[in-house]
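Encoded as structure tokens, the structure appears first; notes follow it.
The values are calculated or read from the model by the stated rules, or taken from the named source; none is laboratory data. Everything numeric here is computed off the predicted structure, so don't read it as measured data. Cβ atoms come from the backbone with ideal geometry, glycine included; neighbour counts cover every protein chain shown. Remember, those area values only see protein heavy atoms, side chains included, never the ligands or the DNA or RNA. Shrake-Rupley method; radii C 1.70, N 1.55, O 1.52, S 1.80 Å.
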Amino acid sequence: IDPVTGAVTTFAGTMASPGIVNATGTAAKFNRPCGLAIDAQDNIYVADASNNVVRKITPAGVVSTFAGAGTAGSADGAATTATFNSPTDMAITPAGVMYVADQVNHVIRKIENGQVTTIAGLAGTLGNVNGTGSAARFNQPSWVTLAPDGTLLIRDGANSGNIRKLDPATGVVTSFAAGAASLYSGVGVDS
């Protein structure tokens, strides 16, 4: 959306034509793009939920697959071979570390130096349990944002939209706010 004229144009993707095509501008295809994040170089990252990948769009509109093999799964490893199951949102630190809400796997993933790791929750196991790392449980985490203190705030979608807090340095998950679903469908933090 042009901030001066208000004109709306398509930056990347083909309207009403879902798929997974890496290309420039409207030649690219997505399938249920959800959350967005922007890094320090103005690259846009898109949680391409139904394609089970995270996509990257350069300022010139070039779309590529940043992480995910394009099949549903929960495998950690190199960004090109790791698998996701409906990633819906991500947050990026100033240093370029990305955290992904991997909704159907019920986990939070980290992408750093081309490697994907699960840092909180246990893939395929839902719940509402505070704990450290794989001992924590989520139920369809759907939004994630980076708080000014470096912790992550996560909307735990199917747990009444509760907001959970994750310390990425320790992997400790705690409750932050309950019943947020009735207030707002997403998470946002003003810095």
Complete set of residues in the range 120-138 that are surrounded by fewer than 21 Cβ atoms within 10 Å (Cβ to Cβ) and touching a Phe, Trp or Tyr at 6+ places or on another chain (Cβ under 8 Å): 126, 127, 128
Count of residues meeting criterion [open to solvent by 20 Å² or more (accessible area, probe 1.4 Å) and under 13 Å from the mean Cα position of the chain (by Cα)] in the range 33-50: 6
Return the only residue of 47, 16 being assigned to a loop (DSSP other than H, G, I, E, B) and among the aliphatic types (A, V, I, L, M). 16
Kindly indicate whether any position in the range 90-97 is of a type outside the set (D, E, K, R), within 19 Å of residue 162 (Cβ to Cβ) and either open to solvent by 20 Å² or more (accessible area, probe 1.4 Å) or in contact (Cβ under 8 Å) with a residue 40 or more places away in the chain (or both). yes
Which of (1) of a type outside the set (A, V, I, L, M); (2) at pLDDT 95 or above; (3) assigned to a loop (DSSP other than H, G, I, E, B) is the odd one out, the single condition residue 164 does not satisfy? (3)
Please specify each residue of the range 51-85 satisfying the condition of being among the β-branched types (Val, Ile, Thr), surrounded by 15 or more Cβ atoms within 10 Å (Cβ to Cβ) and closer than 17 Å to residue 12 by Cβ. 53, 54, 57, 62, 63, 65
